[in-house]
1. Which residue pairs have Cβ atoms closer than 7 Å, lie 6 or more positions apart in sequence or on different chains, and pair a first residue in region 16-34 that is in contact (Cβ under 8 Å) with a residue 24 or more places away in the chain and charged (D, E, K, R) with a second residue that is part of a helix (DSSP H, G or I) and open to solvent by less than 50 Å² (accessible area, probe 1.4 Å)?
2. Looking at Arg196 and the list (1) buried (at least 21 other Cβ atoms within 10 Å of the Cβ); (2) under 30 Å from Ile260 (Cα atoms), which single condition is not satisfied?
3. Identify all residues within region 43-55 that are out of contact with any strand residue (DSSP E or B) (no Cβ under 9 Å at 6 or more places or on another chain) and in contact (Cβ under 8 Å) with a residue 40 or more places away in the chain; write none if there are none.
4. Which count do you get for residues in region 138-187 that are free of Cβ contacts under 8 Å to residues at least 24 places away in the same chain, over 22 Å from Ala85 (Cα atoms) and either open to solvent by less than 50 Å² (accessible area, probe 1.4 Å) or not polar (S, T, N, Q) (or both)?
5. Consider only pairs whose beta carbons are under 6 Å apart and that are at least six residues apart or on different chains; among these, list those whose first residue lies in region 274-297 and is open to solvent by less than 60 Å² (accessible area, probe 1.4 Å) and whose second residue is part of a loop (DSSP other than H, G, I, E, B) and of a type in the set (Asp, Glu).
6. Would you pick out the residues in region 206-231 that are of a type in the set (S, T, N, Q) and either open to solvent by 40 Å² or more (accessible area, probe 1.4 Å) or within 18 Å of Ile16 (Cα to Cα) (or both)?
7. State whether one or more residues within region 310-318 are farther than 22 Å from Glu192 by Cα and open to solvent by 30 Å² or more (accessible area, probe 1.4 Å).
8. Output the residue which, of all residues in region 120-137 that are open to solvent by less than 30 Å² (accessible area, probe 1.4 Å) and under 20 Å from the mean Cα position of the chain (by Cα), is modelled with the lowest pLDDT.
Amino acid sequence: MSILITGGTGFVGAEIARQLLAQGETEIHVLHRSGNFQRLQDIADEIEFIQADLGDTDRITDVVRTTQPRVIYHLGAMLTGPGEANPQAAVQTNALGTYALLEAARLCDVQQLLFSSSIGVYGADIREKVISDVTLQRPLTIYGITKVFGEQLGTYYKHKYDLDFRGLRYPSIIGPGVTTHSVVTFTSLVIEECARGNPYTIPVTPETALPVMYYKDAARAMIHLGQAPMESIRTVNYVVDGPKPTPTSGQLAAMVRQRIPGAQITFEPDAELQALIDEVVLPLDDRRARAEWDWQPTFSLEAMIDHFIAELRDHPERYR
């Protein structure tokens, strides 16, 4: 049966396509804007690529009508960095694009829509020492604001139109081949740059703890969420986390140095970025995802770095 993945040539979307093919899915449509197919070159003949911009709402409706998907994996979005540079475009892509996708799903009888959200939905006035599914959502960026909109609108469509909507609030995703820079992409770039023999400067203090998840776990989490029985899904939009306890930037740097002898890593905190992270980034409580649909990450921090380095070595064509 047909599956549509928005943002399907990106970080997590491409891995979802790979994992679904491995599970035996045969009709996968990958919606993309950039035309960058490097991550999927070796399986390109097993997928249909559809170029479209999420901000083009008429085109999105037409794509859903044409492909008639059973499930939509919605990962396409404008991230924090580009979004802050052009908030109006972020609203068009992230908010209006998500609305168009939900409305097309309603009109075309799509069974399920899985939504990629972020811990960026949290921001001001967090009073707990950890972030959970019920922590107050007052985001500080246009990216976070549009993700809250998507979560809430999707939940509305779930109750109003019986669309099986489910969402994940991801932490920082680590993986090779970062192409769009955002506020926390240093967690990936420190590994990649050092693996390529380049020095890297981390823009936060060594003591800064940042929840992370490997891109393979991020893809597996969304697939697993979608395949969980309907009666298990009570929270709808879930915080998910990777290895615990939450690693610090200093621990990440130390582990990269262990794996890559001679790695040159320095710390030069960016005052604005540090203040933002200090205000909104806390340890994550993902017990509801663990209890309701048995979420468990498989990659430790050590395993992430080892696999990351191996991917760059074994598949350089994917991460140029």
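1. Pairs found: Arg18/Ile43.
2. (1)
3. Selection gives Asp53, Gly55.
4. Qualifying residue count for the region: 4.
5. Leu284/Asp241; Asp286/Asp241
6. Gln227
7. No, there is no match, as no residue in region 310-318 is farther than 22 Å from Glu192 by Cα and open to solvent by 30 Å² or more (accessible area, probe 1.4 Å).
8. Gly123
The values are calculated or read from the model by the stated rules, or taken from the named source; none is laboratory data. Being a predicted model, the structure only gives us computed values, none of them experimental. Glycine also receives a Cβ, built like all others from the backbone with ideal geometry; neighbour counts cover every protein chain displayed. Quick note on the areas: whole protein, heavy atoms, side chains included, nothing else; ligands and nucleic acids left out. Shrake-Rupley method; radii C 1.70, N 1.55, O 1.52, S 1.80 Å.
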